[in-house]
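So the structure is just underneath, and the comments pick up after that.
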């Protein structure tokens, strides 16, 4: 064995594409004595381990993100990236990590696919710590890797092989001047020991160990090759040519051409993706769906909240606000409700699943009183996981029995179950606690974030309804139960309803009239493949079915239960009476013939004997002559001998007609029928009557209506939602269950219409109502408040409405939004079954709606809202524009104040074609002349500088005030300046409305003395090695950027922009920079003495000389220390000036709710 201490330390950089055998190679190297840090956990994709450092993976991702790149991007990194100041700062960070990981070992290896992009940075850092770098590339058929990546990363074949071509050509070029070798994956599988030893020998590397390679087995070859047939021909040819180049050890010129061809494909794809319109399904900006409620705004300082939620629900300000509410509750209202969280760990639970669950609980803002684990003989240790106690069982049955028994005997107010592997959002327990304290509810539940192959989605859960609960298991997991309520009902019954214990309890709680609250917010995250126990799905479904049947029997309801169209859905079938005792009004419209009218009556009342039900034919003024003779004949010949069949003239309005029909036989319900339709069954009316008798709060009920759109399948003609722009289920097939099964259950709705509508015999309504929408609306306000119900389990086919105006929809749209049965986070603009992109528009606790167009310009104002939320002075929902009119109108109807920041569009109310006026507009950017209507319409305008306020007054604005931006002390007190070690780093920010025509010349003439970083929102190119950064939004983002690039100078020319504020200057000073600024805008008197130089912005020469002089000076942060002591710089010292953001009258509910 050679003495490794006498050999210069060497670092092997394994630079290969994903799934190309890099892990297998590193396993072989480890067998031969090479030291490799490996803490990335093995999984089904790599069961023998990855041989990767999670610390370095995170570092790589951070560096790529700095350059606005991502691991799956086809484009290579920008030319000259390694010389950027922000990248060179990361060189020291990487060197420190590698020193720690190498531990002075003489022979080490590092393996990450990112090395194909980041090899220059790793080579520099490795040289800095005294190691010699050598490179090994791996090669495997790209079509086999494509199959593997389709499974692991949901990546298409074309994407995978195009990315391979980009990675492999990049890695080849970056390693040309380093000793290197190639390893073929099939050679590793055939004879790993010989293959690896020969490669190392060719590189002059002697291994410290004499043992052979035992890591690699043929079981590692698990992926079949993807079929290359039909692949884009230029890409297929490029793949073939690269493989030939690898085999032939081609010269550099051939590789350069391959790299150019790969870049051409990447550029082609990039240009398609940036198209302003759709170029293929899913490609181009035209396919990006804008959420009707506005875009998400990512707030800095957010905790680990799931990205599908609005980030202001989990940021530091919200945490402070919610924590303050909990503290105030404890101080003023007595004990805060406590919860025992019981974690079910059935057979097969893994340590990782348990860790995920407990970590999610640990990061919660408010901790549970008790954390208990119920485990089936786990193989892992629970002693260090922060549990109150854990219980061990031999079987799942024993575990579940004990768990549910404990639900009735817990010492806390509430109990809840989590399955190991499921997770909670950071604010989940706090928000449940606040709602439990306010409502004293017996049961609480929330929305959930569910996994899927296409990414996580929010499963929105409706408010509690017994009809929905009897037909679906919609509540799901993470439910809080009041322990006393559970005990009063005799506890859970796992022996009777295995797998459906909670469904059974929820039915009993609802039937007993207990208080049930829903939090319309996704606070629960369902893990992959988690479960409560080992009960098979089929048995759990049968148990739920049995629990529903038991409730029906207890209520004395003669009904049967069967499974629905998907697991967790059920159909409750109630047989109708032979004669359902209903008065049927048949509308004899112009297109109705005698045969049609008679046929409908016979379908709806096949056993009519005149004893109970009544048939009333309703004349229409424009009937056909044949229909007139038919009704005259009934009048003259039928009614005298059969008084249950009569003819009446129509009434002037719908309400009067229904009232008249009610008087025909007061003991009967009333059905109004359009005979130009086809009921699905002969007993439809009888079954509707049975359902109406069961639903005690139903005033009207109707079956599902559908039509056939030409030769297409049946289309739903759904019920109505007040204030919405479309029907519920618009565009869905009649048989579709809808998202989360929303369309598959009997449920309360705002209003309905259709060919068959049944009205309760004693329902009170507006007899002057001229349509079903107005009549349904009046039901809610009657002395005995009733509602409308809709069922999909009975159906009526109606004629295709075609382009006929939907007058019922127009009437529903004109009604004020109620939201009683509509999930408050679902849209009213577009399909009402789709979630708003933003919960921010519908938070019940948001007193102010703040809308922003561009965070780069608007964050300085949003910072006020964040601060005020943290102080519990206001709860502001923050959302990105563009907004849709219905969402804004709904927010304003809820009493919310609308604050717009730098608006760039006029929002029009479609009902009256006038502008929707904001309560306040905040301007930090000079508005264009096209925004003058918005300026004039605002009740109050706030400007970020005095000069801008004067400009707004010149545009005709009224009630203008000035609110200069301020900084957040906590951010900058914690900031530690770090300056670039080579050339000084200088920053220029491309601000909206400030055009600097000579900036490219300034960069070019000073590029040899300073390292430039440009913060910009544009895609413009700059000469030289300029680092491009997106314009940071919040102060945390600014601090991170200044720290990462090591900036010591800010340059801010402002030609012609005397209106702008000094916010960016203040940030740069707080970051320890010297400020060279234009003299056009007014500087605050507090910071003017701290400016390094003010120059006229009308020339270039003085700016060049000033930058060259500043570059020669040593950076120091004396100015920054002075700044920290200025009392008027900080946002917390200006509480009096924040009244512009607060609502004029803040309700207690908006202030106190979570």
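Rule-based calculations on the coordinates, nothing more; no lab input. Here the structure is a predicted model, which is why all the values come from computation and not from measurement. A quick note on method: Cβ atoms are made from the backbone with ideal geometry, for glycine too, and the neighbour counts reach across all protein chains shown.
Before moving on, here are some points about what is shown:
- Among beta bridges that DSSP assigns inside the chain, antiparallel share in %, nearest 5: 25
- 17 Å reach of a label modelled at residue 1125, 7 Å along Cα-to-Cβ, counting backbone N of segment 970-985: 973
- Between segment 118-196 and segment 479-494, the alpha-carbon center distance in angstrom: 58
- Helix 85-102 axis, angle to the chain major axis (alpha carbon atoms, nearest 10°): 80
- What the Cβ-Cβ distance of residue 252 and residue 70 gives, at R0 = 30 Å and to the nearest 0.05, is a FRET efficiency of 0.60.
- In the chain, the longest principal axis of the Cα atoms and the axis of helix 428-439 are about 30 degrees apart.
- Relative contact order [Cα under 8 Å, 6+ residues apart], segment 335-558, whole percent: 26
- Sequence ranges 1000-1010, 111-121, 26-36, 491-501, ranked by mean other-Cβ count within 10 angstrom, highest first: 111-121, 26-36, 491-501, 1000-1010
- Between segment 946-967 and segment 786-833, the alpha-carbon centres lie 45 Å apart.
- Segment 479-542, relative contact order in percent, only Cα pairs under 8 angstrom and at least six apart counted: 37
- Centre separation in Å (Cα based) which lies between segment 498-545 and segment 606-630: 49
- Read-out volume of the Cα convex hull per residue in Å³, derived from the coordinates shown; its label in [x] 477; [y] 239; [z] 206: [z]
- Against the main long axis of the alpha-carbon atoms of the chain, helix 115-128 sits at an angle near 40°.
- Fully extended contour minus Cα-Cα distance, from residue 783 to residue 97, at 0.36 nm per residue: 239.6 nm
- Gain in span if fully extended, residue 264 to residue 625, counting 0.36 nm per residue against the direct Cα distance: 122.5 nm
- For the chain, the relative contact order is 8 percent, taking Cα pairs closer than 8 Å that sit 6 or more residues apart in sequence and dividing their mean separation by the residue count.
- Net length gained if the chain between residue 593 and residue 990 were fully extended (0.36 nm per residue, minus Cα distance): 135.6 nm
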